[in-house]
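Q: The structure that follows is given in the form of C-alpha cells.
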Amino acid sequence: MKLLRNLRAFFRRKKIDADMAEEMRAHLAMQTERNVAAGMAPEEARYAAQRQFGGVEQIKEIAREQRSGQWLEQLGRDFRYGFRQLRRSPIFTGFALLTLVFGIGASTAIFSVVHALLLSPLPYHEADRLVQLQSRHLEQGVSGLAPATFGDLAANNASFAALAAQYYFYVNLTGAETPALLNSADVTADYFRLFGVAALRGRVWSADEIKPGNTRVVVLSHALWSSQFGARDSIVGQPIMLDDLAHTVVGVMPASFKDPAQIAQLWRPMQHGADNLQERSSRYWTAFGRLKPGVPLEQANLELATAARQLEQAHPKNYERWTLQAADLHRLVVGDYRAGLFVVLGAVGCVMLITCANLTGLSLVRATARRKELAIRSALGSSRALLVRQLLTESLILSVAGGAGGVLLGHWGLDLLLASLPRSWLPRADEIALNLPVLAASLALTVFTGVVAGLAPGFTASRVDAGEALKNSLRAPGGPSARRLRSGLVVAEIALAVVLLAGTGLLGRSFVGLMQKKPGFDPKRVLSLTVSLSAKRYDSPQKCREFFSRAQAEVATMPGVEAAGFTQTSPFRWGIPLPFAPLRLDGVVNATDLPPAFTDPVSEDFFKAIGIPLRAGRSFTAADDERKSPVVMISESTARRYFGREDPLGRFLALNNGSRARFEVVGVVGDVRRSGLTSDIPLQVYQPLAQRPPGFAALMVRTGLPPATLVKSVQSAVWRIDPDIPITDVATMDTFVNRSVTQPRLHLTLFVLFAALALLLSCIGLYGLVAYSVDQRTREFGIRTALGANSREVLGLVLREGAVLVALGISLGLAGAFVAARWLRAMVFETSLHDPGVFLAAPFILAAVAAFACWVPARRATKIDPMVALRCE
C-alpha cells in the first residue's frame, strides 16, 4: 500500500510538471507569433521567444517555483497545526518551555562572559600582534623590565614594529569639587601608537611636549572625563591640577580604550631626563610590543633570549640568571580565569545535554500519546517524511519560544550577576554584554536543541504501523527500541546530574574550609579609607608626620571610635615588598633564598585598630620617632623564617640592597593573609610611621557603631586639617575580606544553580518515564491485582524499574565525576579532588530525589481498579 501511495504521489508531481510545461509551450508559441507579426523571420522569431523565456530551463524553473510555493504553503500549515497541538497539551508545553528557558538562559548568560573574556579580541588595533615583555628569574619568577633594559630593546630589535612602556603612579586631583586620588599611567612616547587607538576628543601629545621644561600635558580616560568633568568638550586645552602642578588636557580617549590592566584613569608622558633610564636593577616598567607582520611569537622570544644573554655578559651583576620573554597580551589579561571559565562552560554544557535529553524524552512520550493520530494520518496517505516534518516543526516551535524566553532570562540573570559583583571581579567585566555574537550562538543552540529533540521522536513515531496501532492502542510507536531510547536518555540525565552534584560538593567543601580560615586580624566594625598627600605641599617627612599625627588624634577622639591607626597599605588589597634579610650575630647579612617581605610603616595604634594580636615584645609607641634608632615589628612566620627557633627580639634586620641601615626587632605580631583567604601567609615587616612617613596611607577606624555611620564624620575630620586631601577606597574591612573570595563564591553559586537545575530536570525525566510505564502497564497491573497481588508487590514492581535506571545512571555519573574532578583543580582549595564524603553525598541526594520521582507514579499504580483497567481494554 505504501509503495502504491508513493507511486501515486510521484505521478501526481510529474503531471503538475507536464501541465506547467504545456502552459509554457503555449506561451512560447504565442510569443513566436508576435515576433513574426513584428517582421521577424520564423526561425529568428522562435529563437527570440526562447531567449525571452529561457527555453526548457525556464519551464523547469517555473515548475520548481510552483512546487516551492506548495512546499511553503505546506510548511505554513504544519506550523499552524503545530501551534494548535501545543495549545491542546498545556502540561507538556509548559514543562518543555520551562526546561528550554532555564537551559538556554543559563547558557546565554555564561556564554556572554566567555565571549567577552576568551573569544572577543582586545579593543586595540590588530590586537593579536600585541605582547607584553617580561623579565623572568629562574627562582624569583616573572617581573617587569628595568628602564635601561627597555631602552636597550627599543634601540635594537628586529621583531617588533613598536615598543612602549608604562608604570603606575598615584596623583592627587585638586581644584575640583571633591579632591580625588587618581591612578596615572606614565608612559613612553609611542604608547598610543602601539595600541593603535586615536583620541575621542583632542589629540595625544606630540614629540615636543615630552621634552623637559615644556608644559605638562595629560590625556584623560573616558570614565574620568565623564565622572570628574561632566564630559565637557571644553576641558580639552584647559589646565587641571595634579599634585598641585598644572597639567594641560590635550585629549580624551574613547570609552573602549583602557590600559590592559584597566587601572589607569589618565596618561602622562614620561619626560626625557625625568626618569632614570640608566636603572637596571629595579624592574618596575610594564612593557608592551607590537610584533611585525609575519613575525611569530616564538621568533620574538628567541631574539629576546639572545638579548638577555648579551645583557648578562655586559652587566652580570644585574642580569645573572635573568632572561627575557614575550607573552601573548590576551592570555595575560585573562590570566588564571581561563581554566575556571572553561569549567563553568562545561557545567553549562552538561545542563544543555540534560535539557536536550529531557525535551527528547518528553517528546517521545507525547508522540506515544498521539499514536492514533499519527496512525490515521499515515493511513490517509501521509508519508514518513511528512510525519517527521510535522513533529520536527512542533519541536522547533517549542525551541524558538523557549529560546526567546531563555535569552530574556539570560539577560536578566547577567544583569543581576554583574550588579552583585564588584567591578574588578573579572578582567574586561565592562565588556560583558548580550551582543550579536552571543545572540547568534543562542539562536544556533536553540535550533540545535529543537532539531535534536524533534528528530528522535519523529523517526520513532513515523515507523508506526497504521493497522496495528488502530487495532491495539496500547502499543507504543517504535516498540522496544523507543523504550530503550527513553531509558537511555534518563540514565544519561542522571549521570550528568551526578557529575554536577559531585562538582558542587567539592566546591562547597572547599568554600566552607576557605571561610573558616582566619585572616589574621579582626575585620568586624573596622572602617578603612585611603588618604593621599600632595608631594608638592608635603615636601618633607616632617610635614607628613604632622598630618598623620593630627589626623589620627582627630579621629581617635570622635564619639564611637575605639581606636584609629594608619598603615601605608592595607591587608586584602595590595602591598609593597622589600628585600629584608636578617643579620647574623657577626653582623653579616644572611640572605640565602629569602623572598621579599611586605613592608608597611604603621602608626602606634594600628595593631589595636585592625585587631592584629601582639605575640611577643612590645608594640610601637610615640617615642619611636625619627630621632630614635630604626626599629621593626615582624610577623610570626617571618620570625620563624628569619631566625628559626631563636628569639627574634633584639636581633636586627637589614635591607639587602646595599643599604647600611639596621633595624632592631622589638615585637612579634600575628600572621596576616595579605592577599586574601585563598593566598598563603607571606613575610611581613612593620616600621614606625614616624620613622618612614609615606605619601599616602590607609586609615583604619575601629568602632562600636555601624561603620557606615562614621564615614562623613571621619572625612570631615580629615578635611578640617587639609580640605584638598583626596579620600578614596572607603569601605569596611569585612568588604575587603568578602571580595577576596568573590571568585570562589561565584563558582560555587553557579554550580549550585546548575546542579539544582540538572537534578530537577533529570527527576522530571525519570518521573515521566515511570509514569508512562505505569500507563502502558495498566492492564497488567489490573490483572495482577485481580489475581491477588497486593499494593506492596505492585509498588515494588514499579520502583524496581526506576531503581535500575537510577543505579545505572549513578554508576556512570560517579565514574564521570571521578574523571572530571581534575578539571576543578584550580578552583578547589585544600580539598581532595576525590573527597569520599562528597562522592557519597552526591549519589545519596540524587537517589533520594529520584525515589520520590518514582514513588509518585508507583503509588498511582497501586490504586488501579482491575475492573476499570480491563473495561478500558
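The values are calculated or read from the model by the stated rules, or taken from the named source; none is laboratory data. None of these values were measured; they are calculated from a predicted model. In this analysis, Cβ positions are derived from the backbone assuming ideal geometry, glycine residues included, and neighbour counts consider all displayed protein chains. Just the protein is used for accessible areas: all its heavy atoms, side chains included, with ligands, DNA and RNA removed. Shrake-Rupley method; radii C 1.70, N 1.55, O 1.52, S 1.80 Å.
Q: Along the positive direction of the dipole of region 218-296 (beta-carbon charges: Lys, Arg +1; Asp, Glu -1; about the Cα centre), which of L224, S281, G237 reaches farthest?
A: Highest projection toward the positive end goes to S281.
Q: In nanometres, what is the gap between the two model label sites at S629 and Q310, each 7 Å from Cα along Cα-to-Cβ?
A: My value for the distance between the label points is 5.0 nm.
Q: On a full-extension model of 0.36 nm per residue, what is the gain between S234 and V730, subtracting their alpha-carbon distance, rounded to one decimal in nm? Could the numbers behind the result be given before it?
A: Values: separation 496, 0.36 × 496 = 178.56 nm, distance 3.10 nm.
Working it through step by step, the gained length comes to 175.5 nm.
Q: Also, quick follow-up: Given N residues in region 273-369, what is Rg(Cα) / (2.2 N^0.38 Å)?
A: Details: Rg = 26.0 Å, N = 97, 2.2 N^0.38 = 12.5 Å.
After normalising by residue count via 2.2 N^0.38 Å, the value is 2.08.
Q: May I ask which of K524/K608; K524/K628; K517/K712; K518/K608; K608/K712; K517/K608 have a Cα-Cα span longer than 24 Å here?
A: Working: K524/K608 13 Å; K524/K628 34 Å; K517/K712 32 Å; K518/K608 17 Å; K608/K712 22 Å; K517/K608 21 Å.
Violating the 24 Å limit, Cα to Cα: K524/K628; K517/K712.
Q: With a 10 Å radius around each residue's Cβ, average the other Cβ atoms per peptide and rank 633-639, 568-574, 721-727, highest first.
A: Values: 633-639: 25.0, 568-574: 21.0, 721-727: 17.1.
Taking the mean over residues of other Cβ atoms within 10 Å, the ranking is 633-639, 568-574, 721-727.
Q: Still on this model: Write down the radius of gyration of region 578-694 and its Dmax, each obtained from C-alpha positions, in Å.
A: 13.4, 40
Q: While we're on this one: In nm, to one decimal, how far is the modelled label at N214 from the one at L443, with both set 7 Å along Cα→Cβ?
A: 5.0
Q: Which order do you get for Y319, Y767 if you rank them by accessible area with a 1.4 Å probe, largest at the top?
A: Details: Y319 10, Y767 90 Å².
So, going from the largest accessible area down, we get Y767, Y319.
Q: What ranking do 751-759, 599-607 get when scored by the average of other Cβ atoms within 10 Å per residue, highest first?
A: On the way: 751-759: 21.7, 599-607: 23.2.
Ranking the peptides 751-759, 599-607 by packing returns 599-607, 751-759.
Q: What percent of all Cα-Cα pairs in region 166-305 falls into each 10 Å bin, going from 0 up to the bin containing the maximum distance?
A: With 10 Å bins starting at 0, P(r) equals 10, 40, 33, 12, 4, 0.
Q: Something else: Could you give me the ³J(HN,Hα) list for region 236-242, computed from phi with Karplus coefficients 6.51, -1.76, 1.60 and θ = phi - 60°, whole Hz, x at Gly and Pro?
A: Coupling constants for region 236-242: 5, x, 9, x, 10, 9, 10 Hz.
Q: As a quick test, which of the pairs K317/K543; K317/K536; K211/K536 have an alpha carbon distance above 29 angstrom in this structure?
A: On the way: K317/K543 38 Å; K317/K536 36 Å; K211/K536 21 Å.
Correct reply: K317/K543; K317/K536.
Q: Another question, if that's okay. Based on the Cβ-Cβ distance of E646 and E562, what FRET efficiency does E = 1/(1 + (r/R0)^6) give at R0 = 56 Å, to the nearest 0.05?
A: On the way: r = 36 Å, r/R0 = 0.64.
After rounding, the FRET efficiency stands at 0.95.
Q: Let me ask something else. Quick one: if you stick a label point 7 Å off each Cα along the C-beta vector at T749 and A847, how many nm between them?
A: 3.4
Q: Could you work out the equivalent-ellipsoid semi-axes for region 790-847, taking the square root of 5 times each eigenvalue of the Cα gyration tensor, largest first, in whole Å? Don't skip to the end; give the middle numbers.
A: On the way: eigenvalues 224, 24, 7 Å².
Sorted largest first and rounded, they come to 33, 11, 6 Å.
Q: Tally Lys and Arg at +1 and Asp and Glu at -1 over the other residues with C-beta under 13 Å from the C-beta of L297: what net charge comes out? Walk me through the numbers before you get to the answer.
A: On the way: positive: R129, R290, K292, R331; negative: D128, E298, E303, D328.
Spelling it out: positives minus negatives among the neighbours equals 0.
Q: Kirkwood hydrodynamic radius for region 712-839: how many Å is it when counted over pairs of different Cα atoms? Walk me through the intermediate numbers first.
A: Details: mean 1/r = 0.0481 Å⁻¹.
Evaluated on region 712-839, it is 20.8 Å.
Q: I need the Debye-formula profile for region 143-183: one equal scatterer per C-alpha, no solvent, reported as log10 I(q)/I(0) at q = 0.14 1/Å, two decimals.
A: The computed values of log10 I(q)/I(0) come out as -0.53.
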